[in-house]
Amino acid sequence: MNTYTITILDTGETYRCREDRNLLEGMEALGRRGIPVGCRNGGCGVCKVHIVRGTFTKRVMSRDHVTEEEEAAGTVLACRVKPTSDVTLAVTGKMKDAVCGTGDTRATASSTP
Ligand code: FES
(Lines give C-alpha, C1' and ligand atoms only; values in the text may rest on other atoms or scores of the structure.)
Protein backbone atom coordinates (compact mmCIF):
# COMPACT_ATOMS: atom_id res chain seq x y z
CA MET A 1 0.00 0.00 0.00
CA ASN A 2 1.50 3.30 -1.06
CA THR A 3 0.94 6.57 0.74
CA TYR A 4 1.52 9.84 -1.04
CA THR A 5 2.16 13.38 0.06
CA ILE A 6 -0.52 15.85 -0.96
CA THR A 7 0.39 19.53 -0.92
CA ILE A 8 -2.26 22.24 -0.74
CA LEU A 9 -0.76 24.97 -2.85
CA ASP A 10 -2.91 27.70 -1.30
CA THR A 11 -1.67 27.18 2.23
CA GLY A 12 1.50 25.18 1.85
CA GLU A 13 0.04 22.47 4.06
CA THR A 14 0.69 18.85 3.30
CA TYR A 15 -1.08 15.69 4.24
CA ARG A 16 -0.58 12.02 3.58
CA CYS A 17 -3.09 10.14 1.52
CA ARG A 18 -3.16 6.41 0.94
CA GLU A 19 -3.61 5.23 -2.60
CA ASP A 20 -6.94 3.64 -1.68
CA ARG A 21 -8.27 6.86 -0.14
CA ASN A 22 -9.63 9.75 -2.12
CA LEU A 23 -8.15 13.21 -1.77
CA LEU A 24 -11.11 14.49 0.23
CA GLU A 25 -10.83 11.73 2.83
CA GLY A 26 -7.16 12.50 3.23
CA MET A 27 -7.91 16.17 3.65
CA GLU A 28 -10.53 15.44 6.29
CA ALA A 29 -7.99 13.41 8.20
CA LEU A 30 -5.91 16.56 8.35
CA GLY A 31 -8.49 17.68 10.88
CA ARG A 32 -8.78 21.09 9.39
CA ARG A 33 -11.88 22.80 10.65
CA GLY A 34 -14.34 23.87 8.08
CA ILE A 35 -13.55 21.35 5.38
CA PRO A 36 -16.96 21.06 3.82
CA VAL A 37 -17.98 17.50 3.46
CA GLY A 38 -20.71 17.14 0.97
CA CYS A 39 -22.08 14.11 -0.75
CA ARG A 40 -18.66 12.39 -1.06
CA ASN A 41 -20.02 10.99 -4.23
CA GLY A 42 -19.18 13.39 -7.01
CA GLY A 43 -22.54 15.09 -7.00
CA CYS A 44 -22.44 18.30 -4.98
CA GLY A 45 -19.28 20.02 -6.15
CA VAL A 46 -18.06 21.43 -2.83
CA CYS A 47 -14.79 19.53 -2.99
CA LYS A 48 -13.61 20.93 -6.30
CA VAL A 49 -9.84 21.23 -6.61
CA HIS A 50 -7.33 21.84 -9.35
CA ILE A 51 -4.54 19.29 -9.68
CA VAL A 52 -1.38 21.26 -10.33
CA ARG A 53 1.06 18.39 -10.30
CA GLY A 54 0.97 14.65 -9.90
CA THR A 55 -1.00 11.71 -11.20
CA PHE A 56 -4.26 10.23 -10.04
CA THR A 57 -7.16 8.03 -10.93
CA LYS A 58 -10.63 9.48 -11.10
CA ARG A 59 -14.18 8.28 -11.22
CA VAL A 60 -17.17 9.76 -12.93
CA MET A 61 -17.84 13.38 -11.95
CA SER A 62 -21.01 15.39 -12.38
CA ARG A 63 -20.85 17.59 -15.46
CA ASP A 64 -22.88 20.11 -13.47
CA HIS A 65 -19.77 20.78 -11.42
CA VAL A 66 -16.84 19.93 -13.64
CA THR A 67 -17.08 20.62 -17.34
CA GLU A 68 -15.14 18.59 -19.84
CA GLU A 69 -12.85 21.55 -20.42
CA GLU A 70 -12.18 21.93 -16.71
CA GLU A 71 -11.51 18.25 -16.31
CA ALA A 72 -9.10 18.29 -19.22
CA ALA A 73 -7.28 21.16 -17.51
CA GLY A 74 -6.95 19.24 -14.25
CA THR A 75 -9.98 20.40 -12.29
CA VAL A 76 -11.55 17.51 -10.43
CA LEU A 77 -13.74 16.68 -7.47
CA ALA A 78 -11.50 15.61 -4.61
CA CYS A 79 -13.93 12.93 -3.46
CA ARG A 80 -13.61 11.19 -6.83
CA VAL A 81 -9.84 11.19 -7.13
CA LYS A 82 -7.22 8.89 -5.66
CA PRO A 83 -3.55 9.71 -5.90
CA THR A 84 -1.07 7.56 -7.79
CA SER A 85 1.86 9.84 -7.01
CA ASP A 86 2.59 12.81 -4.80
CA VAL A 87 0.09 15.49 -5.72
CA THR A 88 0.00 19.26 -5.51
CA LEU A 89 -3.48 20.75 -5.64
CA ALA A 90 -5.07 24.16 -5.51
CA VAL A 91 -8.39 24.57 -3.81
CA THR A 92 -11.10 26.14 -5.91
CA GLY A 93 -14.75 26.83 -5.46
CA LYS A 94 -16.59 26.63 -2.20
CA MET A 95 -13.86 24.86 -0.32
CA LYS A 96 -11.44 27.71 -0.74
CA ASP A 97 -12.85 29.85 2.04
CA ALA A 98 -12.75 26.94 4.47
CA VAL A 99 -9.26 25.82 3.61
CA CYS A 100 -7.63 29.17 3.14
CA GLY A 101 -9.88 30.97 5.57
CA THR A 102 -9.20 34.25 7.18
CA GLY A 103 -6.17 34.83 9.30
CA ASP A 104 -3.93 32.45 7.42
CA THR A 105 -1.25 34.78 6.20
CA ARG A 106 0.57 32.02 4.37
CA ALA A 107 -2.17 31.79 1.78
CA THR A 108 -0.26 33.82 -0.75
CA ALA A 109 0.90 31.12 -3.14
CA SER A 110 -2.45 31.04 -4.89
CA SER A 111 -1.73 34.11 -6.96
CA THR A 112 0.96 32.48 -9.07
CA PRO A 113 0.45 33.70 -12.65
S1 FES B 1 -18.20 15.87 -1.73
FE2 FES B 1 -19.82 16.21 -3.16
S3 FES B 1 -18.77 16.31 -5.05
FE4 FES B 1 -17.20 15.78 -3.63
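The values are calculated or read from the model by the stated rules, or taken from the named source; none is laboratory data. A quick note: this is a predicted structure, and the numbers were derived from the prediction, not measured. Note that we place each Cβ from the backbone using ideal geometry, even for glycine, and neighbour counts take in every protein chain shown.
Observations
- Checking each residue in the range 6-28 for being surrounded by fewer than 21 Cβ atoms within 10 Å (Cβ to Cβ), out of contact with any Cys (no Cβ under 8 Å at 6 or more places or on another chain) and at negative phi picks out THR7, LEU9, GLU13, THR14, TYR15, ARG16, ARG18, GLU19, ASP20, ARG21, GLU28.
- Positions within the range 14-38 being in a loop (DSSP other than H, G, I, E, B), at pLDDT 90 or above and away from the ligand (no atom under 14 Å from the Cβ), in sequence order: GLU19, ASP20
- Check on LYS48, at negative phi, basic (Lys, Arg), surrounded by 13 or more Cβ atoms within 10 Å (Cβ to Cβ) and at pLDDT below 90: no
- Residues being touching a residue at least 12 places away in the same chain (Cβ under 8 Å), more than 9 Å from the ligand (Cβ to nearest atom) and in a loop (DSSP other than H, G, I, E, B) - total across the range 39-65: 5
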